[in-house]
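Just so you know, all these numbers are worked out from the coordinates, no wet-lab data involved. Fair warning: this is a prediction, and the values are worked out from it, not measured in the lab. Cβ: placed from backbone, ideal geometry, glycine included. Neighbour counts: every protein chain shown.
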Amino acid sequence: MSLGGLRRHRAGPRLALGCVSVAFALLAWQSVNTFHIIPSGLLASPAQVVAALIDISRHGYRGTSLGEDIGATLLRALGGFAVGTIVGVPLGLWMGMNRFAAAGANWIVQFLRPLPPLSFLVLLMLWLGTGDVAKVGLLALTAFPIIASATFAAVAAVPVQKIQAAASLGASRGQIFRHVMLPAALPTISTGLRIALAAAFSTVVAAELMAGSDGLGWMIFSASQFLRNDIILLGIIILGLLGMALSSLLLGLDRGLIHWRGRE
Amino acid sequence: MPDQPLAETLTASADAFVRFEGVSVTYGSGTAQATPALSPTDLAFARGDFVCIVGPSGCGKTTLMQTLAGFLPPTGGRVSVGGVEVSGPGPDRGVVFQQAALFPWKTVAANAGFGPAMRGLPRTEQKERVEYWLRSVGLWDFRDRYPYQLSGGMQQRLAIARALANEPELLLMDEPFGALDALTREKMQEELHAVWKRRGMTVLFITHSVDEAVYLGTEVVVMSRRPGRILERIPAPFARIAGERDIRRIKAGADFVALREQVLELIWGEGG
C-alpha cells in the first residue's frame, strides 16, 4: 500500500535529519553568543553550560546532587502519574460500562480536566503541607481527569458488533470485559496515558518552582535568583531530555504491546 | 443436539425449529420519534433449512435477524428456537456479520477457538475444533497470524469458522459476503454450501443479492419496504442439488434464471 509506505519511513534518514536539526540549533545558540546578539551575561554559551554540568555533577547544587534533583522530579512526576492512573483507569472503565456511573462522574471529570492544576496548588499546600504529598497530589489531580476521560471514551467507542459477536459465542459479561472491551479500548487508553504523563511532567516543574528544596524545578528557580543562567539552561535541557525519554519509553511499550493499534 | 421435549414438539405445529410469532419492532417506541421497522411477522422453519431473506435496503431484514440473535428484544410477539423463547444472545446461535468483527488482539487460532475457550470446553476438544474448522476454511496454515494480516475473504472465512467452532444449531448470517469482490464472493458461496451440506446446520441468511439467495437457500423469503413484512416465501431447489454440479452451470441454467427473475420482480414491484 502506498499509504503504508508513506507511514513507514526508514529509520536512517530520519535519524540523520534529527541530528542535523539539533546541530543547527546548537550552532544558532553558539552564534548568538559569538556575535553578542544577547549580552553574554544573560545567555550562557554551550561551553559554559557543559562546564556547569560537570561542576554540578561533581559538587551538586546547593547541597543536593544532580542525581538527587533528577530523582526527586522523576519520582514526583511518576508518583502523581501512577496515582492518577490507579484512580483514572478504573473510573473510566466503570463509566464506560455503566451509564449511571458515567452520568454521576462525568461532570466532575470534565470540570477538573481543563483547570490549570497550579490554580489549586496553594489550596493543596494549605491542606497537605508544602512537602511531596501536596506535589504528588497535584500531579495526580492533573493526570487523573485526562486518563479517566480517555478511558471512558475508549470504552464507549468499542464496536458493538465485537461485543455482540463475543456474547453470541457464549462469553459471559466478565469475559466480554476482559477479552473484548479491555483490549479494544487499550490503544486509546494508552494514548491518554502518554498525554497525562506529559501533563504531569510539565506541572511538576511548576510545582517545584513554587515550593520545595530539591528537584529540577527548584534548581532552575534557585539559579534564577542568582542569575546563574548557565544552570537555568542546564536544567531546561535535562528536563526536555527526561520528558523525551519518558515519552518514548511509553511509546515503545505501546508499540511493543498493542500490535493491533490502527488495524482491523 | 439436545432432544426436544415431546410436548413442545406437539404444540409447535409441523416440525418448526425456529418460530417468529407476530414479531414486530418499533425503534424508540413510546416516544414522538417512534419508527416502525418491522410489521408483525410470522415465520417458521425446520431444522436443516437454509432460509435466505432478501428485500430492499432498510426493509427490516437485519432487525428480524437481531431478534433471533437476541441482540434486540422485539416490541411485540415472541421468537423461539426449539420451543424455547429467545431472551438474549447465546452460543446455540452463531452470528456472522458483514464486517467480520474479529478480535485483532488474538491470533487466528484464538479467534477460531474463542467460543469453546469462553465456554470452558476441555483443552483437547478446543484444539480439535480449532484445527478442524481452520482446516475446513483453509486457514490452518495462518493459525499463528493475526486477523489484520489476512485478506477480506480470509477474514470472513475466519468469522465463519469462529461461529462454527461452537457447533451452533443455528447459524445467523447478516450479509456475510456483502463486502467481498464478485469472484471471492462466489467462491465463498460454494464453500458455505459445502459446509452446510456436510454439517446440516440450520441457517438464516440475509443478503442483498437475489442470485446468492436463490443459489444458497432451500427457501427464499422476500420482504417489503419499511416497515418490513413478508411478501412471499418461495422454495428453491438448487441448494439440495448443488455440490454435484458446478456453481457457474447452476447459475446459468434456465430454471435458475427463471426463479431469480421471479424474485427480482417481487422486489422491483416494491420499488426497492
(Q) Let me understand segment A:44-257 better: what is its radius of gyration from the alpha carbons, and its Dmax, in angstrom? (A) 20.7, 69
Q) What nm distance separates the two modelled labels at B:Ala34 and B:Asp255, each placed 7 Å from Cα along Cα→Cβ? A) 4.7
**Q.** P(r) of segment B:129-272 over all Cα-Cα pairs, binned every 10 Å from zero, in whole percent
**A.** 10, 39, 34, 14, 3
Q. What list of ³J(HN,Hα) values in whole Hz, one per residue of segment B:99-105 in order, does the Karplus curve 6.51 cos²θ - 1.76 cosθ + 1.60 (θ = phi - 60°) give from phi, with Gly and Pro shown as x?
A. 7, 4, 6, 7, 10, x, 7
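Taking a cut-off of 34 Å, what percent of all Cα-Cα pairs in chain B are separated by more than that?
Numbers: 7021 of 36856 pairs.
Value for chain B: 19 percent of Cα pairs lie more than 34 Å apart.
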Q: Evaluate the distance, in nm, between pseudo-label points positioned 7 Å from the Cα of B:Ile247 and of A:Ile195 along their respective Cα→Cβ axes.
A: 4.6
**Q.** Beta bridges by DSSP in chain B, antiparallel share as percent, to the nearest 5
**A.** 55
(Q) Just to confirm my numbers, what's the Cα centroid distance between segment A:164-203 and segment B:178-252 in Å? (A) 38
Q: Hey, for a label at A:Phe226 modelled as a point 7 Å past Cα toward Cβ, could you say which residues of segment A:61-95 have their backbone N under 13 Å away?
A: A:61-65
Q.
I need the Debye-formula profile for the protein assembly as shown: one equal scatterer per C-alpha, no solvent, reported as log10 I(q)/I(0) at q = 0.06, 0.13 1/Å, two decimals.
A. -0.47, -1.26
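Write down the Kirkwood hydrodynamic radius of segment A:158-264, to one decimal in angstroms, obtained as one divided by the mean of 1/r over all alpha carbon pairs. Could the numbers behind the result be given before it?
On the way: mean 1/r = 0.0589 Å⁻¹.
About 17.0 Å, per the Kirkwood formula over Cα pairs.
So if we plug the beta-carbon distance of A:Leu17 and A:Val122 into 1/(1 + (r/R0)^6) with R0 = 35 Å, what FRET efficiency do we get, rounded to 0.05? Walk me through the intermediate numbers first.
Numbers: r = 44 Å, r/R0 = 1.26.
After rounding, the FRET efficiency stands at 0.20.
Tell me which DSSP H helices of chain B clear both cut-offs, 15 Å or more of axial length from alpha-carbon atoms and a mean Kyte-Doolittle hydropathy of at least -0.5. List each step's numbers first, then the result.
Values: long enough: B:123-136 (20 Å, -1.94); B:152-164 (18 Å, 0.20); B:182-199 (25 Å, -1.27); B:254-269 (22 Å, 0.68).
Sorted by number, the helices that extend far enough and score high enough are B:152-164, B:254-269.
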Q.
I need the phi-derived Karplus couplings for segment A:73-88: 6.51 cos²θ - 1.76 cosθ + 1.60, θ = phi - 60°, integer Hz, Gly and Pro marked x.
A. 5, 4, 4, 4, 4, 5, x, x, 4, 5, 4, x, 5, 5, 8, x
**Q.** Positive-end residue of B:Pro116, A:Ser119, B:Ala69, charge dipole of the protein assembly as shown with Cβ unit charges
**A.** A:Ser119
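If you put +1 on each Lys and Arg Cβ and -1 on each Asp and Glu Cβ, how big is the dipole of chain A around its Cα centre, in Debye rounded to 20?
Details: 18 positive and 9 negative charges, 221 e Å.
Its charge dipole is roughly 1060 debye.
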**Q.** Dipole in debye (nearest 20) - the protein assembly as shown, about Cα centre, beta carbon charges: Lys, Arg +1; Asp, Glu -1
**A.** 820
Q: Check cross-link reach from B:Lys187 to the lysines: straight Cα distance under 17 Å, and skip same-chain residues fewer than eight apart.
A: B:Lys197, B:Lys251
Q: Could you point to the residue in B:Trp196, A:Leu75, A:Val22 farthest towards the positive end of the protein assembly as shown's charge dipole, with +1 and -1 charges on the Cβ of Lys/Arg and Asp/Glu respectively?
A: A:Val22
